[in-house]
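The numbers here are math on the coordinates, done by the rules we state, and not lab data. The shown structure was predicted, so the numbers you read here are calculated from the model rather than taken from an experiment. As a convention, Cβ positions derive from the backbone with ideal geometry for all residues, glycine included, and neighbour counts pool all protein chains shown.
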Amino acid sequence: MSTVTASDRARLSAWRVYVRDLWERREFAWFLAMGNLKARNASTALGLFWWILNPLMLAGVYYIVFGFIFSGTREGEPAFLAWLISGIFAFTYTSTAMTSGANSILANSKLLVNIRFPRMILPVAALVEAGVGFLASLGIFYVIAWPVNGIRPGLSLVWLPLAVTLHTLFNLGLAAATARLAVPFRDINNIIPHLNRLWMYLTPIIWPMAFIEAKAQWAQNVIQANPLFPYMALYRKALMGRELDPLNIWLAIFWAVVALGVGVISFVRFEGNMVRHL
Amino acid sequence: MSDHAILVKDVGVRFRPYLDRNPTFRRSIGKREPRVAEEVIALADVSFEIEKGEAYGIIGHNGAGKSTLLRVLARTMRPNTGTVEVHGRTSTLLQLGVGFNNELSGRRNIYLGGLAHGLRLAEVEDRFDDIVEYAGLEHAIDRPLKTYSTGMFARLAFSVSMHLDPNILLLDEVLAVGDESFREKSLHSMRELLARAGTIVFVSHSLSTVEEFCDRALWLDRGQVRLVGAPSEVIDAYRAAVSSAE
Ligand SMILES: Nc1ncnc2c1ncn2[C@@H]1O[C@H](COP(=O)(O)OP(=O)(O)OP(=O)(O)O)[C@@H](O)[C@H]1O
Ligand SMILES: [Mg+2]
């Protein structure tokens, strides 16, 4: 039998109130995210087309670099371009969530100082912004993968909602954590791009699984411990019909819960002090 | 039920600027300087109460703690000591154009500003035409905000704030930028708010406006309450102190 103490119950209900307040402000989060997306390209000639063009150009650059110049690692992957862009689009979602999460509080200091609202709105809006861009890039995946690699949308697409959901929860945790850290430690903004670069090379994106399977066991273990590994496996299952080790589903759930728990709890506990640091 | 709109008791706010100077990792894990040395006491033992329907002026020199006090009243900053009770729906106008995005149109910014202040989307839609009309910006509403003049920006921001239906309005030196007609219009709306038993806290360096508009005034001096009373009385004492210091 378990007992719930009064203070535990108070804490639980405080969280319930917090989530309810957050939910009541969902329209604000949406407008903030869409406003930022629009504003970013408001003065460009192509405007919202950049949602599509950005991932396309990103894929193009990486394809030239790792498909032709440093082509040694692509060995053993028949559909290298599809492999590459599915990985890059998913990775960009995570890295954007981290960078814009880190900025979300600092860029909105005026809001924080003037208005009382659950501060999680800001990292959530940053994540929505990144997520909309990601979904747009997923939309063009087959536009590239079909003609080049002959990969067509198939039944395995039923895995996509699960992949996106778990990956999004994971990213939300990261966005909250970087947002919380960036308020007292602005240095984070300088560190994140380098961490992200390293993280990308440690994730199966520019190299196929055959590359790592040829490596020592410890190296494989390191790669498997990478939290992004299971999400990549899920996306490759959903988009390319690749085989999926069920372990990766559990790992994806595990990392989402860990990131979300650590990120959101540390963020919310720090909320009351944020204004003092702005 | 009390007829207090705001009850402030023994409020103290301290800053530790060494923590606020964008500390680096090295500074924060390295040896710390003694805390007391650099502490800034922005507010100390501040107590006062504001009645419903009252226009309450707060005056004081630069750095006296007026903006800090309004942040505490807006409950965006937790005081280190003391308690604050606020009865009513607060609308804050500590700065102009909170929640606005300069790249977007005035139209879009009305939505952003309204939602930021806690309105529902449907509520913003209902009030949209009134907000535009009140601001007198029908002709410019689809232009990006960055093309607005300072006064146009202020009109839009003030109009949004007045349409939030606040019971309590917190103003920090925001009427200074509008032109004369807009100033008159804003003062008129603020009087209407007072007539509906609303409450206004008004921070300003314009002593004549405080004298003309407020029912009571508080003089904040280096984080402490120096005097509370009729505006003319408080302003005279403040003026006397300023001229004797010169
Ligand atoms: N984030 C902060 N970190 C450190 N000190 C701060 C911070 N915010 C305010 N202060 C200090 O608190 C004191 C009060 O500042 P505040 O902005 O409340 O003054 P004010 O009365 O509004 O002045 P003004 O008339 O110039 O607007 C000042 O000494 C200021 O330096
Ligand atoms: Mg001030």
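Could you let me know the centre-to-centre spacing of the stretch B:179-246 and the stretch A:120-145, using Cα atoms, in angstrom?
With the stretch B:179-246 and the stretch A:120-145 each reduced to a Cα centre, they are spaced 50 Å.
Have a look at the DSSP beta bridges in chain B and tell me what percent are antiparallel, nearest 5.
55 percent
Based on DSSP, what percent of beta bridges with both residues in the stretch B:87-233 are antiparallel, to the nearest 5?
40 percent
Given B:Ser232, B:His139, B:Ser208, which one lies farthest toward the positive end of the charge dipole of the protein assembly as shown, if we put +1 on the Cβ of every Lys and Arg and -1 on the Cβ of every Asp and Glu?
B:His139
How high is the FRET efficiency between B:Ala237 and A:Ser109 when r is their beta carbon distance and R₀ equals 35 Å, given to the nearest 0.05? Please report the intermediate quantities before stating the final value.
Details: r = 35 Å, r/R0 = 1.01.
The formula returns an efficiency of 0.50 here.
Rounded to whole Å and sorted largest first, list the principal axis extents of the Cα atoms in the stretch A:19-277.
For the stretch A:19-277, the Cα extents along the three principal axes come out at 56, 46, 35 Å.
Quick one: what are the phi-derived ³J(HN,Hα) couplings along the stretch A:33-38, Karplus 6.51/-1.76/1.60 with θ = phi - 60°, whole Hz, x for glycine and proline?
5, 5, x, 5, 4, 5
Most exposed first by the Cβ proxy, i.e. fewest other Cβ within 10 Å, how do A:Ile191, A:Ile88 rank?
Working: A:Ile191 15, A:Ile88 23.
Lowest count first: A:Ile191, A:Ile88.
When the helix-only estimate is applied to chain B (DSSP H runs of n ≥ 4, each -39,500 (n - 2.57), divided by the residue count), what is the mean residue ellipticity at 222 nm, nearest 500 deg cm²/dmol?
On the way: 10 runs with 98 residues, N = 246.
The helix-only estimate for chain B comes to -11500 deg cm²/dmol at 222 nm.
Relative contact order for the stretch A:93-171: what percent, with Cα pairs under 8 Å and sequence separation of 6 or more?
37 percent
Could you give each residue of the stretch B:116-133 its phi-based ³J(HN,Hα) in whole Hz, using Karplus coefficients 6.51, -1.76, 1.60 with θ = phi - 60°, and x for Gly or Pro?
For the stretch B:116-133, the Karplus-derived couplings read 4, 7, x, 6, 7, 4, 5, 5, 4, 4, 4, 8, 3, 4, 4, 4, 5, 5 Hz, x marking Gly and Pro.
Could you go through the stretch A:262-277 in sequence order and give the Karplus-derived ³J(HN,Hα) for each residue, using 6.51 cos²θ - 1.76 cosθ + 1.60 with θ = phi - 60°, rounded to whole Hz, and x for Gly and Pro?
Each residue's phi maps through the Karplus curve to give 5, x, 6, 5, 5, 5, 5, 5, 8, 3, x, 9, 4, 4, 5, 9 Hz.
Treat the count of other C-beta atoms within 10 Å as a stand-in for reagent exposure and order B:His205, A:His277 from fewest to most.
Least to most surrounded, the residues fall as B:His205, A:His277.
Which aspartates and glutamates have a Cα less than 16 Å from the Cα of B:Lys146, not counting those fewer than 8 places away in the same chain?
Qualifying aspartates and glutamates at Cα under 16 Å: B:Glu103.
Which value, in debye to the nearest 20, describes the size of the charge dipole of the stretch A:103-235 about its Cα centre when Lys and Arg Cβ atoms bear +1, Asp and Glu Cβ atoms bear -1, and nothing else is charged?
Details: 8 positive and 3 negative charges, 70 e Å.
Here the stretch A:103-235 has a charge dipole of around 340 debye.
Among A:Ala175, A:Ala233, A:Ala210, determine the one that fluctuates most according to a GNM of chain A built with springs between C-alpha atoms less than 10 Å apart.
Comparing A:Ala175, A:Ala233, A:Ala210 in the GNM, the peak value goes to A:Ala210.
Report the charge-dipole magnitude of the stretch A:19-277 in Debye, nearest 20, computed about the Cα centre from +1 at each Lys and Arg Cβ and -1 at each Asp and Glu Cβ.
Here the stretch A:19-277 has a charge dipole of around 600 debye.
I want to check the label-to-label distance for A:Val132 and B:Glu133. Put each point 7 Å from Cα in the C-beta direction and report it in nm to one decimal.
The modelled label-to-label distance comes out at 3.1 nm.
Mind grabbing the base-10 log of I(q)/I(0) for the stretch B:113-243 at q = 0.22 Å⁻¹? Debye formula, identical points on the C-alpha positions, no solvent, two decimal places.
-1.35
Percent antiparallel among DSSP beta bridges with both residues in the protein assembly as shown, to the nearest 5?
55 percent
Given a cut-off of under 8 Å on Cα pairs at least six residues apart, what relative contact order in percent is computed for chain A?
Relative contact order, chain A: 26 percent.
Can you give me the long-range amide H partners of B:Gly82? Hydrogens built in the peptide plane at 1.01 Å from N, cutoff under 5 Å, separation of 5 or more residues or another chain.
Hits under the 5 Å cutoff: B:Gly12.
Report, in deg cm²/dmol and to the nearest 500, the calculated mean residue ellipticity at 222 nm for chain A, where each DSSP H run with n ≥ 4 adds -39500 (n - 2.57) and the sum is divided by the residue count.
One gets -23500 deg cm²/dmol as the mean residue ellipticity at 222 nm.
Under 8 Å for C-alpha pairs, at least 6 residues apart: give me the relative contact order for chain B, rounded to a whole percent.
27 percent
Give me the lysines in straight-line cross-link reach of B:Lys66: C-alpha distance below 20 Å, same-chain residues under 8 apart excluded.
B:Lys66 reaches A:Lys110, B:Lys9.
Order of A:Arg180, B:Arg127 from fewest to most other C-beta atoms within 10 Å? Please list the in-between numbers first.
Values: A:Arg180 27, B:Arg127 20.
Result, fewest neighbours first: B:Arg127, A:Arg180.
How many nm separate the modelled label positions at A:Trp23 and A:Asn226, each set 7 Å beyond the Cα in the direction of the Cβ?
Each label point is offset 7 Å from its Cα along the Cβ direction, giving 3.7 nm.
To the nearest 20 Debye, how big is the dipole of the protein assembly as shown about its Cα centre, given +1 on the beta carbon of each Lys and Arg and -1 on that of each Asp and Glu? Please list the in-between numbers first.
Numbers: 52 positive and 46 negative charges, 374 e Å.
Charge dipole of the protein assembly as shown: 1800 debye, to the nearest 20.
Compactness ratio of the stretch B:104-163: Cα Rg over 2.2 N^0.38 Å, N = residue count? Don't skip to the end; give the middle numbers.
Numbers: Rg = 10.2 Å, N = 60, 2.2 N^0.38 = 10.4 Å.
In units of the 2.2 N^0.38 Å rule of thumb, it is 0.98.
Taking amide hydrogens as modeled 1.01 Å from N in the peptide plane, which residues meet the under 5 Å criterion relative to B:Arg216, leaving out close sequence neighbours?
Long-range HN contacts for B:Arg216: B:Ala55, B:Gly57.
Send over the Kirkwood Rh of the protein assembly as shown, from the inverse of the averaged 1/r over different Cα pairs, rounded to one decimal Å.
That comes to 26.1 Å for the protein assembly as shown.
Work out the charge dipole of the stretch A:89-237 with +1 on the Cβ of Lys and Arg and -1 on the Cβ of Asp and Glu about the Cα centre, then indicate which of A:Ala163, A:Ala214, A:Val143 is farthest towards its positive end.
It is A:Ala163.
Can you work out the FRET efficiency for the pair A:Lys215 and A:Ser156, with r the C-beta to C-beta distance and R0 = 30 Å, to the nearest 0.05?
E between A:Lys215 and A:Ser156, to the nearest 0.05, is 0.65.
Give the long-range amide H neighbours of B:Leu227: residues separated by 5 or more places, or on another chain, with amide H under 5 Å away, using H modelled in the peptide plane at 1.01 Å from N.
B:Trp219
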